[in-house]
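J.: Have a look at this one.
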Amino acid sequence: MALRLAIFASGRGSNLLAIYNAVRRHELSGIELVLVLSNNSKSEALAFAFENNISAVHCSQISVGGDALQYEQTLLTILSEHRIDLIALAGYMKKIPKVVITAYEGKVLNLHPSLLPEFGGEGMFGLNVHRAVLHSGQSVSGMTIHFVENDYDAGKIILQERCPVFPEDTPETLSKRVLALEHHGYPKALQIVANQIEQSHSQESNGASR
Ligand code: GAR
């Protein structure tokens, strides 16, 4: 049975689109995209989901009335109502509550626009990351997809891809080059994780039948 994927996105949603296309073109197998969740009711990601008949849910601590516990419970309820197996953060700019990470251990992936552990941590998102890379004078950058742990941008790395940094780069030109790696890499990383989950399920059922 296909794994039920939720994508969490806060803004533009170009990685959501890349994953959606990979699923639709059968370049990504064993995964079904069933939910897009955003903390931003005006995000292009939510609008895209709505237009393409994917459950689109707006949820943030503010939208549930400001209470952290209420927010955590609401998130868990949404995930369980949609029978979510796997969560991919794709340009999601909020920290995921610890209870959700614990409930979905090894099933929450994050995308980061640098070669972690470099240029990660609190406040490092979007163009801030590319500005820091250019400021440091690095000649190589890239993107990282990793499992989510409670600390920012920590957790086991699933996939990294690299690209050059040119002396004439601006944060915007570098971000475009990294974004192309992300669009290509996120479906690949999801396939790696889906295969691992499938393998562990079949080992469990072989063990149970012995
Ligand atoms: C992506 O470049 C992603 O790496 C970055 O936000 C962008 C979202 O683009 N994420 C972070 O900086 C998280 N620390 P998208 O909305 O078009 O997918």
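The values are calculated or read from the model by the stated rules, or taken from the named source; none is laboratory data. In this text the structure is predicted, and so the values were computed from the model without any measurement. Every residue, glycine among them, receives a Cβ derived from its backbone with ideal geometry; neighbour counts consider all protein chains shown. The area values use the complete protein model at the heavy-atom level, side chains included, leaving out ligands, DNA and RNA. Shrake-Rupley method; radii C 1.70, N 1.55, O 1.52, S 1.80 Å.
J.: Could you please give the count of residues in the stretch 20-46 that are in contact with a strand residue (DSSP E or B) (Cβ under 8 Å, 6 or more places away or on another chain) and not acidic (Asp, Glu)?
T.: Of the residues in the stretch 20-46, 15 are in contact with a strand residue (DSSP E or B) (Cβ under 8 Å, 6 or more places away or on another chain) and not acidic (Asp, Glu).
J.: Looking only at residues in the stretch 92-117 that are in contact with a Leu (Cβ under 6 Å, 6 or more places away or on another chain) and outside any helix (DSSP H, G or I), which one is farthest from the ligand (Cβ to nearest atom)?
T.: LYS107
J.: Still on this structure, I have one more. Return the residues of the stretch 123-136 that are of a type outside the set (A, V, I, L, M), free of Cβ contacts under 8 Å to residues at least 40 places away in the same chain and in a helix (DSSP H, G or I); say none if nothing qualifies.
T.: ASN128, HIS135, SER136
J.: Shifting gears a bit: Restricting the search to the stretch 9-59, which residues are within 11 Å of the ligand (Cβ to nearest atom), in contact with a Ser or Thr (Cβ under 7 Å, 6 or more places away or on another chain) and of a type outside the set (S, T, N, Q)?
T.: ALA9, GLY11, GLY13, ALA45
J.: If ALA189 passes every condition in (1) within 16 Å of the ligand (Cβ to nearest atom); (2) surrounded by 17 or more Cβ atoms within 10 Å (Cβ to Cβ); (3) more than 22 Å from ARG12 (Cα to Cα) but one, which one does it miss?
T.: Only one criterion is unmet by ALA189, namely (3).
J.: Which condition from (1) among the small types (Gly, Ala, Ser); (2) open to solvent by 30 Å² or more (accessible area, probe 1.4 Å); (3) within 13 Å of the ligand (Cβ to nearest atom) is the one that GLY66 breaks?
T.: Of (1) among the small types (Gly, Ala, Ser); (2) open to solvent by 30 Å² or more (accessible area, probe 1.4 Å); (3) within 13 Å of the ligand (Cβ to nearest atom), only one is false for GLY66: (3).
For (1) closer than 25 Å to LYS95 by Cα; (2) in contact with a helix residue (DSSP H, G or I) (Cβ under 8 Å, 6 or more places away or on another chain); (3) open to solvent by 30 Å² or more (accessible area, probe 1.4 Å); (4) assigned to a loop (DSSP other than H, G, I, E, B), each residue gets a yes or a no:
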residue	(1), (2), (3), (4)
GLY121	yes, no, no, yes
GLN138	no, no, yes, yes
CYS163	no, yes, no, no
ARG177	no, no, yes, no
GLU182	yes, yes, no, no
GLY185	yes, no, no, no
GLN196	no, no, yes, no
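J.: Kindly establish whether LEU89 is at pLDDT 95 or above and either within 12 Å of the ligand (Cβ to nearest atom) or surrounded by 19 or more Cβ atoms within 10 Å (Cβ to Cβ) (or both).
T.: yes
J.: Right, ALA132: small (Gly, Ala, Ser), more than 11 Å from the ligand (Cβ to nearest atom), farther than 30 Å from CYS59 by Cα and open to solvent by less than 70 Å² (accessible area, probe 1.4 Å) or not?
T.: Yes; evaluated as a whole, the condition is true for this residue.
J.: Another one. Just the residues that are under 19 Å from LEU5 (Cα atoms) and open to solvent by 60 Å² or more (accessible area, probe 1.4 Å), please, taken from the stretch 198-210.
T.: Once the filter is applied, which keeps residues that are under 19 Å from LEU5 (Cα atoms) and open to solvent by 60 Å² or more (accessible area, probe 1.4 Å), the stretch 198-210 yields GLU198, GLN199, HIS201.
J.: A follow-up question, please. State the number of residues belonging to the stretch 1-55 that are open to solvent by 70 Å² or more (accessible area, probe 1.4 Å), under 26 Å from GLU72 (Cα atoms) and in contact (Cβ under 8 Å) with a residue 12 or more places away in the chain.
T.: Total meeting the criteria: 3.
J.: Enumerate the pairs (first residue in the stretch 157-168 and more than 14 Å from TYR186 (Cβ to Cβ); second residue anywhere and open to solvent by 60 Å² or more (accessible area, probe 1.4 Å) and among the small types (Gly, Ala, Ser)) with beta-carbon separation below 6 Å, excluding pairs fewer than 6 apart on the same chain, so at least 6 apart or on different chains.
T.: Sorted first by the residue in the stretch 157-168, then by its partner, the pairs are VAL165/SER139.
J.: Yes or no: the stretch 141-148 includes at least one residue that is closer than 23 Å to SER60 by Cα, part of a loop (DSSP other than H, G, I, E, B) and of a type in the set (Phe, Trp, Tyr).
T.: Checking the stretch 141-148: not a single residue is closer than 23 Å to SER60 by Cα, part of a loop (DSSP other than H, G, I, E, B) and of a type in the set (Phe, Trp, Tyr).
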